[in-house]
1. Would you confirm, using the coordinates I've provided, whether residue 157 is closer than 26 Å to residue 289 by Cβ, more than 14 Å from the chain's Cα centre (by Cα) and within 15 Å of ligand 2 (Cβ to nearest atom)?
2. Look through the range 54-67, keep the residues that are in a loop (DSSP other than H, G, I, E, B), crowded, with 19+ Cβ neighbours inside 10 Å and within 16 Å of ligand 2 (Cβ to nearest atom), and return whichever of them is farthest from the chain's Cα centre (by Cα).
3. Enumerate the pairs (first residue in the range 129-142 and over 15 Å from residue 51 (Cβ atoms); second residue anywhere and modelled with pLDDT of 95 or more and near ligand 1 (Cβ under 9 Å from one of its atoms)) with beta-carbon separation below 8 Å, excluding pairs fewer than 6 apart on the same chain, so at least 6 apart or on different chains.
4. Residues that are over 25 Å from residue 204 (Cα atoms), within 16 Å of ligand 2 (Cβ to nearest atom), outside any strand (DSSP E or B) and within 18 Å of the chain's Cα centre (by Cα): does the range 31-41 have at least one?
5. What single numbered condition from (1) away from ligand 1 (no atom under 16 Å from the Cβ); (2) surrounded by 13 or more Cβ atoms within 10 Å (Cβ to Cβ); (3) at pLDDT 90 or above fails to hold for residue 240?
6. How about the range 68-186: which helices (runs of 4 or more DSSP H) wholly inside it have at least 1 residues that are near ligand 1 (Cβ under 10 Å from one of its atoms) and within 18 Å of residue 38 (Cβ to Cβ)?
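The values are calculated or read from the model by the stated rules, or taken from the named source; none is laboratory data. Since we're looking at a predicted model, the values are computed, not measured. Please note: Cβ atoms are built from the backbone with ideal geometry, for glycine as well, and neighbour counts cover all protein chains shown.
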Ligand code: TXA
Ligand code: MG
């Protein structure tokens, strides 16, 4: 595995490697993605193998501009073009009827394809220079925490990929919002970096896939996902100091806001207290969530506890990750 910078020369190298069918990890504004040429079946197969990802979990296809959408998806479905114009490039993935030529391996045999145009200059430039659509799941082993730094990828998948482009820390820190436009009314399959409230302004009858649904349409919806190796326990927002929690000795807690942190410290129950956002800003909390979980998972704390956020804006995406990471199915 070779680590590349974001220099002009290295972007060329990364783009050529993708074009040739190699696996290249690229930074996006959400999380790092494990990129492969959509038209190269061998490369697609290696993506599943590297992640140990079940073949029934389809990939997101990344494009450099709106104009490239029509090559892979039916853009005539209601809302598709309007949403693309409003929110791309950005953390929105649209599930659309696929074009015939899109390999079934990428879509797990579904008649639909997930498409996203990332808002990261490095990702955009690599995709553009590669000249092909880039299939890219988050660059983590299946079920584990998503990577928001190149170091996370090196530790988790370093020996299974050809190149890692180090673009520093991913700004948003949670994956894109996945919206299924192939059904009516459209359904949010995964809350993410684009708040559902913004989508609802354009799609008043939008539905949000429930947390407890038992037959997931896509494994991002499987109850257990985005998980650290250690046990994770959740605490309702604002209830950090209530009598309930009895963490094991030497456990750590992620709190939301100064007040909760202060209370958590006062209880003396936790060996480590981390604040996801002192000012209770859900955007800030989303940006550090995976980073803090990686950090706590790699230290010798016994358990990880986390306080939930209010269920709005990016709080919805953070809570979704926390629920799935804590599921003991
Ligand atoms: O922010 C992101 O979306 C990141 C960066 C790298 O772009 N990518 C990412 O990919 O999170 P991944 O593979 O970890 O998650 C893709 C999600 C999965 O839940 C998958 O099941 C769903 O999108 N998905 C993909 N194609 C689908 C389809 N045709 N129908 C329904 N869900 C689909
Ligand atoms: Mg993922």
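1. Numbers: closer than 26 Å to residue 289 by Cβ: yes; more than 14 Å from the chain's Cα centre (by Cα): yes; within 15 Å of ligand 2 (Cβ to nearest atom): yes.
Here the answer is yes, as residue 157 does meet what is asked.
2. From the range 54-67, those in a loop (DSSP other than H, G, I, E, B) are 54-59, 63-65; that's our starting set.
Now restrict to residues that are crowded, with 19+ Cβ neighbours inside 10 Å: 58-59, 63-64.
Adding the requirement that they be within 16 Å of ligand 2 (Cβ to nearest atom) leaves 58-59.
Numbers: 58: 14, 59: 12 Å.
Top of the filtered list is 58.
3. Pairs that qualify, where the first residue is over 15 Å from residue 51 (Cβ atoms) and the partner is modelled with pLDDT of 95 or more and near ligand 1 (Cβ under 9 Å from one of its atoms), are 133/61; 133/62; 134/26; 134/33; 134/35; 134/61; 134/62.
4. Restricting attention to the range 31-41, the residues satisfying the condition of being over 25 Å from residue 204 (Cα atoms) are 31-41.
With within 16 Å of ligand 2 (Cβ to nearest atom) added as a condition, the list becomes 31-36.
Filter once more, so that each one left must be outside any strand (DSSP E or B): 31-32.
In the following step, the residues that additionally are within 18 Å of the chain's Cα centre (by Cα) were identified as 31-32.
Yes, because at least one residue in the range 31-41 is over 25 Å from residue 204 (Cα atoms), within 16 Å of ligand 2 (Cβ to nearest atom), outside any strand (DSSP E or B) and within 18 Å of the chain's Cα centre (by Cα).
5. (3) is the only condition that residue 240 fails.
6. Numbers: elements: 80-87, 104-107, 121-130, 150-157.
Counting at least 1 such residues, we get 104-107, 121-130.
Results for (1) away from ligand 2 (no atom under 16 Å from the Cβ); (2) more than 17 Å from residue 26 (Cβ to Cβ); (3) buried (at least 17 other Cβ atoms within 10 Å of the Cβ); (4) free of Cβ contacts under 8 Å to residues at least 12 places away in the same chain, shown as yes or no for each residue.
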site: 77; (1), (2), (3), (4): yes, yes, yes, no
site: 84; (1), (2), (3), (4): yes, yes, yes, no
site: 89; (1), (2), (3), (4): yes, no, yes, no
site: 95; (1), (2), (3), (4): no, yes, yes, no
site: 98; (1), (2), (3), (4): yes, yes, yes, no
site: 112; (1), (2), (3), (4): yes, yes, yes, no
site: 118; (1), (2), (3), (4): no, no, yes, no
site: 122; (1), (2), (3), (4): yes, no, yes, no
